[in-house]
Amino acid sequence: MKKLLIVATVLACAATAVAQAPSEGDTARTGPDNDPSRVVCVTMRETGSLTRRTRTCRTRAQWDLVKQENRQAVDKVQQYKPSAE
């Protein structure tokens, strides 16, 4: 039962983070706009609030790393198979 609760919590956190990450279309472009050291700021709504928003600024390389980590977390949760008790 504890494992199921942990998995559900991780999945909820990962799904929220993936939903808030910038779109994949940014990484497909080439040229000066795709500079990995360029800072990109994203305004995100806070979960549970209708008005509160948080502005997060990171480089494109950092956003790509966050997106990759979130994708790995979601994949790990989706591959989880609970053992029969």
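The values are calculated or read from the model by the stated rules, or taken from the named source; none is laboratory data. Here the structure is a predicted model, which means the values were calculated and not measured. Neighbour counts run over all protein chains shown; Cβ positions are idealised from the backbone, glycine included.
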_Residues satisfying the stated conditions in the stretch 55-68, i.e. farther than 13 Å from Val42 by Cα and either exposed (fewer than 13 other Cβ atoms within 10 Å of the Cβ) or basic (Lys, Arg) (or both)_ = Ala61, Leu65, Lys67, Gln68
*Within the stretch 17-24, is there a residue that is of a type outside the set (S, T, N, Q), modelled with pLDDT under 60, surrounded by 11 or more Cβ atoms within 10 Å (Cβ to Cβ) and outside any helix (DSSP H, G or I)?*
yes
*asked:* List the residue pairs whose Cβ atoms are under 6 Å apart, where the first residue sits in the stretch 56-79 and is in contact (Cβ under 8 Å) with a residue 60 or more places away in the chain, the second is of a type in the set (Gly, Ala, Ser), and the two are 6 or more positions apart or on different chains.
replied: Ala73/Ala14; Val74/Ala14
